[in-house]
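Below you'll find the structure, written out as structure tokens, and then a few comments.
Bear in mind these aren't lab numbers, they're just calculated from the coordinates by the rules spelled out. Since the structure is predicted, the reported quantities are computational estimates derived from the model, not experimental observations.
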Amino acid sequence: MFSPVENGAILGTIICAALFVWNLATLATQHSHWPNWTALAMTLGVIGAVIAASLIVSLRVELRARRERRKRAAMEQRYPNAMSPDFRGKWFLTDKATGREFRINHDHR
């Protein structure tokens, strides 16, 4: 899913965030006279939130890719051997044998 470079960058970001929260939580617990385990709980909570946010983002990316694959399959089924998506995600049809371009009327659904 991620390349090793991305994994290292993500892990480094999580470690930096954890160290920042650990130092901040330790300072807050010492100043407020809270129990010593509070800093650990805060740090683990932030790490958990970062991991959950990462999972949500990767889920959204996967769902978007599946939707695009379904859309492509539907267009290939409807117009075999004559389709191409452009960079904006719009479809234009070009007959591969003749090079003739077709116009799709998007008003009729």
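Against the empirical 2.2 N^0.38 Å (N residues), the stretch 18-71 has a Cα radius of gyration ratio of 1.78.
Proximity of backbone amide H atoms, modeled 1.01 Å from N, is registered between Leu93 and Phe102, Ile104 at under 5 Å, excluding neighbours fewer than 5 places apart on the same chain.
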